[in-house]
Amino acid sequence: MSQSPQTSGGTGKTAIQSAAERFGVIERPLLEWTPEIAEETEHLYQKVKDHIPRIEWPVYAPYISAINRLKKERNAVILAHNYQTPEIYHCVADIVGDSLQLAKEATKVDAEIIIQCGVHFMAETSKLLNPDKTILIPDMKAGCSLADSITGADIRLLRERYPGVPVVTYVNTSAEVKAETDICCTSSNAVQVVESFGVDRVLCIPDEYLALNVAAQTKVKILTWKGHCEVHERFTAEELLAYKEADPQIEIVAHPECPREVVEIADYTGSTSGMINYVKDRKPPKVLLVTECSMASNIESEVPEVQFVKPCNLCPHMKRITLPKILDSLCEMKEEILVDPAIADRARLAVERMVNLKH
Ligand code: 13P
Ligand code: SF4
């Protein structure tokens, strides 16, 4: 993954005091399965019981109890993306959502420390919007194939090639890339952002499929890049049509990072939260979520009348975030996200323009 910021957890030693120095390190608490922990966490178990066997709960519950206690002691909040595993999403997260919701919520957070359960670009976005807060990610290696597909130098070359054409950058990019662009977008607002310039040509990068799916919804000519999400690019129309043929009742709900041929056969396409809302509002008898695996697991218990068909793909980056690593983050105040001040102000502007766009 692209490591644009200087990090206290990586090789980039900075003169800045580390989060561990500022807040102090505390010893990892004893993780015991006791009757008290069983009682305290039972209501949380009920939310994940379809995904975690009862016999395994004594392993999860002590972590969950310790994380929830330490969060309060440290004045920290946990922001978790919809792709996090059920025990993170339901049992320790304070705020869950899609990329846009998490970016917006990050601006409202009161706590001193934000633990970002998601991938690096999300934590970096939180840092851009909260320069005075401490942003921690439980695993600095949680990257993204889209963020890795493009650099700031690539954007400068695109600007030379297409002078005067506005550059809209998907939020799944490094701060270095955001700093070179006019405005960010997410999957939930990409069409609106592209149209906000009132011009006939816009560069929408780096996700080729998102760009093609935006192009199908607007008169603006879209120029793009060859970046792809390694999770969504694997779905094919052929595979999905086979499910539909086997059971015509199945509704297909896709993410716009999927190839165009997939989106064309979907009954609905939208951001992860858009997909969740569609299922909750419409309650189709059977649904196939064309996205990362944890999404269906996270919402299944909230819509028991819906049957989920699961040909899902895992995001290996999202899955780097685990309860033990979240606990280590809270105890040792790691890994801290720092953004190079030389790029932070310009990158922040691109994110803020998006967040402040009127709906
Ligand atoms: P959204 O949650 O914004 O739809 O993004 C999906 C995604 O792939 C994030 O990495
Ligand atoms: Fe990146 Fe795709 Fe993983 Fe999202 S699901 S973090 S876009 S690789």
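Exceedance of the 19 Å cut-off in Cα-Cα distance is limited, within the set Lys49/Lys325; Lys72/Lys127; Lys104/Lys358; Lys72/Lys108; Lys71/Lys108; Lys71/Lys334, to Lys49/Lys325; Lys72/Lys127. If you sort the three axes of the alpha carbon gyration tensor as a ≥ b ≥ c, you get a/c of 1.5 or more for region 207-313 and a/b above b/c, which makes it prolate.
Counting other Cβ atoms within 10 Å of each Cβ, which trypsin sites (Lys or Arg not before Pro) in region 204-289 have at most 11 and sit in a DSSP loop? Intermediate results must be reported in sequence, preceding the final value.
Values: sites: Lys219, Lys221, Lys226, Arg234, Lys244, Arg260, Lys280, Arg282, Lys286; in loops: Lys219, Lys226.
In loop regions of region 204-289 (DSSP not H, G, I, E or B), the sparsely surrounded trypsin sites (Lys or Arg not before Pro) are Lys219, Lys226.
Compactness of region 283-349 was expressed as the Cα radius of gyration divided by 2.2 N^0.38 Å, which yields 1.68.
In terms of the mean number of neighbouring beta-carbon atoms within 10 Å, the peptides 155-165, 77-87, 91-101 order highest first as 77-87, 91-101, 155-165.
In whole percents, the pair-distance distribution calculated for the chain from its alpha-carbon pairs, binned every 10 Å from zero, is 5, 24, 32, 25, 12, 2, 0. Applying a 4.7 Å Cβ-Cβ cutoff to the chain, the cysteines left without a disulfide-compatible partner are Cys91, Cys117, Cys144, Cys184, Cys185, Cys204, Cys229, Cys258, Cys315, Cys331. Note on the chain: GNM, Cα springs under 10 Å; of Ser126, Ser65, Ser329, the largest mean-square fluctuation is that of Ser65. Considering only beta bridges that DSSP places wholly inside the chain, some 5 percent are antiparallel. Entry note, region 221-337: relative contact order of 22 percent, from Cα contacts under 8 Å with a spacing of 6+ residues.
With only Cα atoms counted, region 100-189 has Rg and Dmax values of 14.0, 44 Å.
Sort region 191-260 into rounded, prolate or oblate with this rule: let a ≥ b ≥ c be the square roots of the eigenvalues of the Cα gyration tensor; rounded if a/c is under 1.5, and if a/c is not under 1.5, prolate when a/b is larger than b/c, oblate otherwise. Prolate, because a/c is 1.5 or more and a/b exceeds b/c.
Relative contact order, whole percent, for the chain stands at 24, derived from Cα pairs under 8 Å and 6 or more residues apart.
Our estimate of slack between Tyr162 and Val59, defined as 0.36 nm per intervening residue step minus the Cα-Cα distance, is 31.6 nm. Here region 14-72 and region 118-195 have alpha carbon centers that stand 32 Å from each other.
If you wrap the Cα atoms of region 50-143 in a convex hull and average its projected area over all directions, you get 6.1 nm².
Asn75 to Glu32: FRET efficiency via 1/(1 + (r/R0)^6), r the Cβ-Cβ distance, R0 35 Å, to the nearest 0.05? Walk me through the intermediate numbers first.
On the way: r = 25 Å, r/R0 = 0.73.
E between Asn75 and Glu32, to the nearest 0.05, is 0.85.
Other residues with beta-carbon under 10 Å from the beta-carbon of Ala347 carry, at +1 per Lys or Arg and -1 per Asp or Glu, a net charge of -2.
Net charge in the neighbourhood of Cys293 (other residues with Cβ under 10 Å of its Cβ; Lys, Arg +1, Asp, Glu -1) is +1.
Charge tally around Ala153: other residues with Cβ under 12 Å, Lys/Arg +1 each, Asp/Glu -1 each, net -2.
May I ask you to list the GluC sites (Glu not before Pro) in region 246-349 that are in a DSSP loop and have at most 10 other Cβ atoms within 10 Å of their Cβ? Hits after loop and neighbour filter: Glu305. Binning all Cα-Cα separations of region 93-248 at 5 Å, short to long from zero, yields these whole-percent fractions: 1, 9, 17, 19, 18, 14, 11, 7, 3, 1, 0. The value of relative contact order for region 136-205, using C-alpha pairs under 8 Å at least six residues apart, is 32 percent.
Projected label points at Leu212 and Phe197, each 7 Å from Cα along the beta carbon direction, are separated by 2.1 nanometres.
Its Cα gyration tensor gives region 22-69 an equivalent ellipsoid, and the semi-axes of that ellipsoid, as √(5λ) in whole Å with the largest first, are 23, 11, 10. Taking 0.36 nm per residue of sequence separation and removing the Cα-Cα distance, the Leu357/Asn68 pair yields an extension gain of 100.6 nm. Evaluated with a Cβ-only charge set (Lys, Arg +1; Asp, Glu -1), region 107-242 carries a dipole of roughly 340 debye about its Cα centre, given to the nearest 20.
Every number in this text was worked out from the coordinates using simple rules, so none of it is lab data. For clarity, every value in this text was computed on a predicted model and none was experimentally measured. With ideal geometry, Cβ positions are generated from the backbone for all residues, glycine too; neighbour counts draw on all protein chains shown.
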